[in-house]
Amino acid sequence: MQIAPGRRVALNGVEWTVDDVHGQLGRLVLVDDDGRAETRSFRWLINHADLRLLPAVESGRPPPVARQPRTLADLTKDQLERARLRAAHVLEAETGFREGHPARALPGEPRPAYDPDRTTLTQRRYAKAAEIEAMPRPEAVRCGLQHLSYRTLVRLSGLAGDSLLLACADGRWTRRRSGHRTITKEVREAIFAVKAECGPRARLSRVPSTG
């Protein structure tokens, strides 16, 4: 594989162009079709599990346009509540408590399948995935839980607060806005993970880069 400016690649179904190469540092700059840039190592790119080579950039193609990141302010009240519900399920699997800490335990918590004193983290994640799988499909879809699988729970681990809510919010709910972008690396990776878990029908396009 030749790593040179202009090389087009697809990573997890998202198309990027190699914008610059720093051979002495073993790094390169990737830019997506909306102008968002990421600096990665050659090793990371070559060993990526879902890497596809694409044709070179077409000449005369207009330059990408920057976008401002989606934020919680872009969600309606109902959409924010759905994101909070999804985050509560993630936190229950991670900690045994929907608020994320025993000091904020809700009535009946911890439930037997999520008791951190009697279960492992892996057991709680599998229990949560089974709980969601057993939920009636219309209810799961209405609550935005239909794609909350074991792998998604693993990929969302480590996030909290607004970062977790942003990762749990469906990208199709939010509008696009122009301007400067700021978003953490952890949120970006979680969004891509959820997008990959949801499959091709749940398109999360134009995910902003880290700021």
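We did not get these values from a lab; they are worked out from the coordinates using the rules stated. In this text, all values refer to a predicted model and were calculated from it rather than measured experimentally. Please note: Cβ atoms are built from the backbone with ideal geometry, for glycine as well, and neighbour counts cover all protein chains shown.
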Length added when fully stretched, residue 122-residue 29, from 0.36 nm per residue minus Cα-Cα: 29.9 nm
Within-15-Å neighbourhood charge of residue 23 [Cβ basis; K, R +1; D, E -1]: +2
